[in-house]
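Chemist: Take a look at the following structure, please.
The values are calculated or read from the model by the stated rules, or taken from the named source; none is laboratory data. Because the structure is predicted, anything quoted here is derived from the model rather than measured. Positions of Cβ are backbone-derived with ideal geometry, glycine not excepted, and every protein chain shown enters the neighbour counts. For accessibility, only protein heavy atoms count, side chains too; no ligands or nucleic acids. Shrake-Rupley method; radii C 1.70, N 1.55, O 1.52, S 1.80 Å.
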Amino acid sequence: MSKRVGVLTGGGDCPGLNAVIRAAARRSLDRGHEVVGVREGWRGLVDGTFEPLGAREISGLLPRGGTILGTSRTNPFRLEDGADKVLSTFEGAELDALIAIGGEDTLGVAARLHREHDFPVVGVPKTIDNDLSATDYTFGFDTAVWTCTEAIDRLHTTAESHNRVMVLEVMGRHTGWIAVMSGIAGGADVILIPEHPIDIEEACADIRRRHERGKDFSIVVVSEGYELEGLAEEKELDEFGHVRLGQRGVGHALGREIEARTGFETRVTVLGHVQRGGSPSPRDRVLATEDWYAVARAFFG
Ligand code: F6P
């Protein structure tokens, strides 16, 4: 029997989202189902904003970054009657099922709606941070690691030419996956991550030892969630109550500290949203497409 399936993307955008939308829509259309795009994450189900997802709309999506559906960090459980609005919009739009593509927040809402209201939803895990349980890799991560690795390669040339310490701050929330993978791939000299918070003095000692050995430049990669002693507590929170880690300025604080302790000229680069943008890597395109097949099995057997 033909079904009407909604698709939404929530949370931070991520390379590979469009590849999932494409795979989901292609397979559903092939099987005679109708696919409807929900605009801007859960906000689209609160406000009732949809768009068609037919063969024309999904054409040429595989290499495209971002999400054609738009996204937001809307949490319906934080809005007055938000969850009820989601349920009534869903029913009013005559949807039979929803594919929610997102990270822990978007999928947390999906799981709660399912638990409390038997909401027919299947989740597709997504995040550049690679910080989700029950899956080894999330699409978007590989692309982000490529981007950060390329940045490290480029920073090397300036570091060498100017005899500087170059600090690169990367994303990852409370995990250091992006920092570790790109740091190893790019040959960083020091990698600072939240899970294994080595002391700043230890990092400076490593840098000094390099210089004593005649290497008068160093590359330091720091994950945005690294806890640097004395760093002011950032109070800015998103709709899910998470601290906006990129605003804490850990990279700049670290750069100042390294320069003060070692006396070596230090520069800081905060890569920010550059690492979330652009075309997905081949691996992410494949993973995003495969993720959909797992969902397809859950839906169609
Ligand atoms: O979860 C993905 C992520 O890019 C994190 O690495 C980062 O802390 C956060 O999103 C940034 O969020 P926003 O785009 O809302 O600034």
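Chemist: Taking SER223 as meeting all but one of (1) open to solvent by 20 Å² or more (accessible area, probe 1.4 Å); (2) within 16 Å of the ligand (Cβ to nearest atom); (3) among the small types (Gly, Ala, Ser), write down the number of the exception.
Modeler: (1)
Chemist: Separate question: Counting only residues that are assigned to a loop (DSSP other than H, G, I, E, B) and either of a type in the set (A, V, I, L, M) or within 18 Å of MET166 (Cβ to Cβ) (or both), how many does region 177-212 have? Quick ask: steps written out before the conclusion?
Modeler: Step one: of region 177-212, the residues assigned to a loop (DSSP other than H, G, I, E, B) are 187-189, 194-195, 197-199.
When the remaining residues are screened for being either of a type in the set (A, V, I, L, M) or within 18 Å of MET166 (Cβ to Cβ) (or both), the result is 187-189, 198.
Counting residues in region 177-212 that are assigned to a loop (DSSP other than H, G, I, E, B) and either of a type in the set (A, V, I, L, M) or within 18 Å of MET166 (Cβ to Cβ) (or both) gives 4.
Chemist: Scan THR147, THR158 and give me the residue that is in a helix (DSSP H, G or I) and open to solvent by less than 40 Å² (accessible area, probe 1.4 Å). Talk me through it step by step, then tell me what you get.
Modeler: Numbers: THR158 fails: open to solvent by less than 40 Å² (accessible area, probe 1.4 Å).
Residue meeting the stated conditions: THR147.
Chemist: Would a scan of region 279-300 turn up a residue that is modelled with pLDDT of 95 or more, in a loop (DSSP other than H, G, I, E, B) and open to solvent by 20 Å² or more (accessible area, probe 1.4 Å)?
Modeler: Checked against the condition, which is being modelled with pLDDT of 95 or more, in a loop (DSSP other than H, G, I, E, B) and open to solvent by 20 Å² or more (accessible area, probe 1.4 Å), region 279-300 yields at least one hit.
Chemist: For the list (1) within 16 Å of the ligand (Cβ to nearest atom); (2) in a helix (DSSP H, G or I); (3) open to solvent by less than 20 Å² (accessible area, probe 1.4 Å), I need the number of the one condition that GLU169 fails.
Modeler: Status for GLU169: all satisfied but (2).
Chemist: Of these, ARG267, ARG261, which one is assigned to a helix (DSSP H, G or I) and modelled with pLDDT of 95 or more? First the steps, then the outcome.
Modeler: Values: ARG267 fails: assigned to a helix (DSSP H, G or I).
Being assigned to a helix (DSSP H, G or I) and modelled with pLDDT of 95 or more holds for just one of ARG267, ARG261, which is ARG261.
Chemist: Given the residues LEU231, LEU271, LEU237, LEU245, which is the only one that is of a type in the set (A, V, I, L, M), open to solvent by less than 70 Å² (accessible area, probe 1.4 Å), more than 23 Å from GLY186 (Cα to Cα) and within 13 Å of the ligand (Cβ to nearest atom)?
Modeler: Values: LEU231 fails: within 13 Å of the ligand (Cβ to nearest atom); LEU271 fails: more than 23 Å from GLY186 (Cα to Cα); LEU237 fails: open to solvent by less than 70 Å² (accessible area, probe 1.4 Å).
Unique residue meeting the criteria: LEU245.
Chemist: Would you point out which residue out of ARG73, ARG22, ARG39, ARG112 is within 24 Å of the chain's Cα centre (by Cα) and within 16 Å of the ligand (Cβ to nearest atom)? Break it down stepwise before answering.
Modeler: Details: ARG22 fails: within 16 Å of the ligand (Cβ to nearest atom); ARG39 fails: within 16 Å of the ligand (Cβ to nearest atom); ARG112 fails: within 16 Å of the ligand (Cβ to nearest atom).
Exactly one of ARG73, ARG22, ARG39, ARG112 is within 24 Å of the chain's Cα centre (by Cα) and within 16 Å of the ligand (Cβ to nearest atom), namely ARG73.
Chemist: Taking interchain pairs and intrachain pairs at least six residues apart, which have beta carbon atoms under 6 angstrom, with the first residue in region 123-135 and more than 18 Å from MET181 (Cα to Cα) and the second open to solvent by 40 Å² or more (accessible area, probe 1.4 Å) and assigned to a loop (DSSP other than H, G, I, E, B)?
Modeler: Pairs found: PRO125/THR135.
Chemist: Follow-up question, since we're still on this one. Checking PHE139 against (1) among the hydrophobic types (A, V, I, L, M, F, W, C); (2) open to solvent by 10 Å² or more (accessible area, probe 1.4 Å); (3) touching a strand residue (DSSP E or B) at 6+ places or on another chain (Cβ under 8 Å), which test does it fail?
Modeler: Here PHE139 meets the rest and fails (2).
Chemist: Then there is this: Between a first residue in region 9-26 that is of a type in the set (A, V, I, L, M) and open to solvent by less than 10 Å² (accessible area, probe 1.4 Å) and a second residue that is at pLDDT 95 or above and part of a helix (DSSP H, G or I), which pairs have beta carbons less than 7 Å apart while being 6 or more apart in sequence or on different chains?
Modeler: Taking only residues 6 or more apart or on different chains, the pairs are ALA19/ARG285.
Chemist: Identify, please: which residue in region 110-125 is assigned to a helix (DSSP H, G or I) and farther than 15 Å from THR71 by Cβ and is, among those, least open to solvent (accessible area, probe 1.4 Å)? Reasoning before the result, please.
Modeler: In the first step, residues of region 110-125 are kept if they are assigned to a helix (DSSP H, G or I); the result is 110-117.
If we keep only those that are farther than 15 Å from THR71 by Cβ as well, we get 111-117.
Working: ALA111: 48, ARG112: 88, LEU113: 0, HIS114: 91, ARG115: 168, GLU116: 96, HIS117: 77 Å².
Filtering region 110-125 for residues that are assigned to a helix (DSSP H, G or I) and farther than 15 Å from THR71 by Cβ, the one least open to solvent (accessible area, probe 1.4 Å) comes out as LEU113.
Chemist: Yes or no: GLY10 farther than 18 Å from PHE119 by Cβ and within 16 Å of the ligand (Cβ to nearest atom)? I'd like the intermediate steps shown before the answer.
Modeler: Values: farther than 18 Å from PHE119 by Cβ: no; within 16 Å of the ligand (Cβ to nearest atom): yes.
Judged against the criteria, GLY10 is not a match.
Chemist: If the Cβ limit is 7 Å and pairs must be 6+ apart or interchain, which residue in region 269-293 that is within 18 Å of ILE178 (Cα to Cα) and of a type in the set (Lys, Arg) pairs with which residue that is open to solvent by 30 Å² or more (accessible area, probe 1.4 Å) and within 16 Å of the ligand (Cβ to nearest atom)?
Modeler: ARG276/ASP13; ARG283/ASP142
Chemist: Kindly indicate the residue of region 76-109 that is open to solvent by 40 Å² or more (accessible area, probe 1.4 Å) and within 24 Å of MET1 (Cα to Cα) and also farthest from the ligand (Cβ to nearest atom) among those meeting that condition.
Modeler: For region 76-109, the residue satisfying everything is GLU94.
Chemist: Considering only residues that are out of contact with any Lys or Arg (no Cβ under 6 Å at 6 or more places or on another chain) and surrounded by fewer than 17 Cβ atoms within 10 Å (Cβ to Cβ), which ones fall in region 27-50?
Modeler: Taking region 27-50 first, the residues out of contact with any Lys or Arg (no Cβ under 6 Å at 6 or more places or on another chain) are 27-32, 35-45, 47-48, 50.
Selection gives LEU29, ASP30, ARG31, GLY32, ASP47, GLY48.
Chemist: Still on this model: Which members of region 23-41 meet the condition of being modelled with pLDDT of 95 or more, touching a Phe, Trp or Tyr at 6+ places or on another chain (Cβ under 9 Å) and not small (Gly, Ala, Ser)?
Modeler: VAL36, VAL38, ARG39
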